[in-house]
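Working notes, beginning with the structure itself.
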Amino acid sequence: MENEQKIDLYDLSKADLEALVKELGQPKFRAKQLWEWLYHHFAGDHDEMTNLPKKLREALAEKTDFGQLNPVVTEFSSDGFTEKVLFECHDGRLIETVLMRYDKRNTVCMSSQAGCAMGCVFCATGQMGFMRHLTVGEIVGQFAYFSRKLKADDGRISNVVMMGMGEPLHNYDNTLTAIDRMTDPSGIDLGNRKITISTVGMIPAMKRYADEQRQTPLAVSLHAATDEERTKLIPPNKRWPIADLMDACRYTIEKTGRRLTFEWALINGKNDTIEQAEKLGTLLKGMLCHVNLIPLNPTKGFDGRPSNPERVDAFIKKLGDYGVSATVRVRRGIDIQAGCGQLRDRVVNG
Ligand code: SAH
Ligand code: SF4
């Protein structure tokens with residue numbers, strides 16, 4: 001493929017851009033201009049960069065791309081507010097990204113890997129297995145793609161959730177470099193608080209995250225309060241059991257000073273019982289945290305059903321008895337399989 005030889009500009013750091021323009025015989029300030037085209041204007045084509053000499057634009061066009069994600073299918077939810085794009089990567093791998101338009105917010109749910117190695121049974125990405133980590137350029141490229149689109153209506157991305165395909169902390173370096181890029185004050189300048197990283201609970205990576213005193217809020221996918229139940233849903237629980245995970249969570253809160261979110265997909269009759277709520281309340285009592293409940297979204301490979309509203313209310317009430325706050329996450333884009341855990345590499349729904 002032609003693209004394979006080209007450099008993805010979104011893969012490059014500031015220093016890399018400087019080296020590139022130097023290699024092309026241009027002064028350093030051209031790198032700053034290029035950076036602005038990438039991160040202020042989200043240019044989609046070399047010819048847009050009218051303040052760069054034509055010769056440089058041509059040389060860049062020969063060598064580089066503005067992102068290497070090719071949108072192959074775009075779907076809108078019936079209410080029109082959720083948009084899911086299936087991208088083809090330069091090597092043919094397929095990933096999905098979702099834009100959710102709210103009143104005052106535009107949230108993008110981004111992927112960090114093609115597939116996922118964790119194998120959570122209720123998750124469509126887990127059901128497809130692991131293909132590869134995404135590059136920094138492919139992660140930032142998802143942001144750039146939707147920024148470019150929103151720019152047409154004077155909009156911008158206000159929030160990012162790393163809750164698409166893949167386990168972000170399994171692809172630690174690329175994910176965190178991408179986040180550093182998105183929060184860079186001289187570029188996109190998105191606040192750390194506007195980003196959430198969701199993790200299945202990879203303890204060693206969480207410790208590294210805490211030690212680096214990262215400021216991007218973490219969400220931990222818990223889904224069950226006993227090892228027996230959690231291992232059935234989340235195979236990595238065998239390696240990183242609940243007691244150790246809770247230690248890692250407390251450590252993270254202590255080191256970062258930030259509240260943790262716990263995610264819990266409510267599966268009717270399984271993890272939505274009063275007994276599970278009591279066990280969860282006991283685990284989280286006194287912790288600086290919040291529980292996000294997500295009624296299970298349907299996936300092909302798992303026959304569980306979402307909890308009904310009465311069971312959800314009873315669960316929240318029981319957690320309240322332990323002083324643990326919990327809310328239900330609004331489900332978005334379920335009709336186009338753009339909800340939590342529904343993303344995968346299909347070209348047509350089926
Ligand atoms: N790998 C990360 C982030 C991607 S999944 C993680 O597991 O945390 C984002 C969230 O969706 C996680 O909390 C995940 O457990 C949840 N999820 C997965 N499948 C789901 C489903 N079918 N219904 C509801 N939530 C689901
Ligand atoms: Fe991977 Fe998260 Fe899906 Fe589990 S829930 S398989 S960690 S993407």
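The values are calculated or read from the model by the stated rules, or taken from the named source; none is laboratory data. All of these numbers come straight from a predicted model, not from anything done at the bench. Here Cβ is always computed from backbone atoms with ideal geometry, including for glycine, and neighbour counts include all displayed protein chains.
Pull up the stretch 335-348, narrow it to residues that are closer than 14 Å to LYS300 by Cβ and within 14 Å of ligand 1 (Cβ to nearest atom), then point me to the one that is surrounded by the fewest Cβ atoms within 10 Å (Cβ to Cβ).
GLN342
Please tell me if THR273 is farther than 22 Å from GLY126 by Cβ, modelled with pLDDT of 95 or more and crowded, with 21+ Cβ neighbours inside 10 Å.
Spelling it out, it is not the case that THR273 is farther than 22 Å from GLY126 by Cβ, modelled with pLDDT of 95 or more and crowded, with 21+ Cβ neighbours inside 10 Å.
Among the listed residues CYS289, CYS340, identify the single one that is more than 30 Å from GLU75 (Cα to Cα) and in contact (Cβ under 8 Å) with a residue 24 or more places away in the chain.
Details: CYS340 fails: more than 30 Å from GLU75 (Cα to Cα).
On inspection, the qualifying residue turns out to be CYS289.
List the residue pairs whose Cβ atoms are under 9 Å apart, where the first residue sits in the stretch 237-265 and is in the same structural domain as ILE197 (by TED's automatic domain parsing) and among the acidic types (Asp, Glu), the second is within 16 Å of ligand 1 (Cβ to nearest atom) and in a helix (DSSP H, G or I), and the two are 6 or more positions apart or on different chains.
Partner pairs satisfying both residue conditions: ASP244/ILE203; ASP247/ILE203.
Output the residue which, of all residues in the stretch 204-255 that are buried (at least 18 other Cβ atoms within 10 Å of the Cβ), over 22 Å from VAL121 (Cα atoms) and of a type in the set (Ser, Thr, Tyr), is farthest from the chain's Cα centre (by Cα).
THR252
Restrict the check to the stretch 272-291 and report whether at least one residue is within 16 Å of ligand 2 (Cβ to nearest atom) and in contact with a strand residue (DSSP E or B) (Cβ under 9 Å, 6 or more places away or on another chain).
No, the stretch 272-291 contains no residue that is within 16 Å of ligand 2 (Cβ to nearest atom) and in contact with a strand residue (DSSP E or B) (Cβ under 9 Å, 6 or more places away or on another chain).
Looking only at the stretch 5-24, decide whether some residue is in a helix (DSSP H, G or I), among the polar types (S, T, N, Q) and loosely packed, with under 13 Cβ neighbours inside 10 Å.
yes
Testing LEU169 on (1) among the aliphatic types (A, V, I, L, M); (2) crowded, with 20+ Cβ neighbours inside 10 Å; (3) within 24 Å of GLN337 (Cβ to Cβ), one condition comes back false. Which one is that?
(3)
Here are some conditions: (1) in contact with a helix residue (DSSP H, G or I) (Cβ under 8 Å, 6 or more places away or on another chain); (2) not assigned by TED's automatic domain parsing to the domain that holds PHE143. ALA59 meets all but one. Which one does it not meet?
Here ALA59 meets the rest and fails (1).
LYS104 passes all but one of (1) at pLDDT 95 or above; (2) touching a Ser or Thr at 6+ places or on another chain (Cβ under 8 Å); which number fails?
Answer for LYS104: the failing condition is (1).
Looking only at the stretch 300-322, decide whether some residue is assigned to a strand (DSSP E or B) and within 11 Å of ligand 1 (Cβ to nearest atom).
Taking the stretch 300-322 first, the residues assigned to a strand (DSSP E or B) are 302, 306.
So of that shortlist, the ones also within 11 Å of ligand 1 (Cβ to nearest atom) come out as 302, 306.
Within the stretch 300-322 (the criterion being assigned to a strand (DSSP E or B) and within 11 Å of ligand 1 (Cβ to nearest atom)), the answer is yes, since at least one residue qualifies.
Every residue, every condition in (1) surrounded by fewer than 24 Cβ atoms within 10 Å (Cβ to Cβ); (2) assigned to a loop (DSSP other than H, G, I, E, B); (3) in contact (Cβ under 8 Å) with a residue 40 or more places away in the chain, yes or no:
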{"position": "SER78", "(1), (2), (3)": "yes, yes, yes"}
{"position": "LEU86", "(1), (2), (3)": "yes, no, yes"}
{"position": "HIS90", "(1), (2), (3)": "yes, yes, yes"}
{"position": "ILE95", "(1), (2), (3)": "no, no, yes"}
{"position": "LYS104", "(1), (2), (3)": "yes, yes, yes"}
{"position": "THR107", "(1), (2), (3)": "yes, no, yes"}
{"position": "SER111", "(1), (2), (3)": "no, yes, yes"}
{"position": "MET118", "(1), (2), (3)": "yes, yes, yes"}
{"position": "VAL121", "(1), (2), (3)": "yes, yes, yes"}
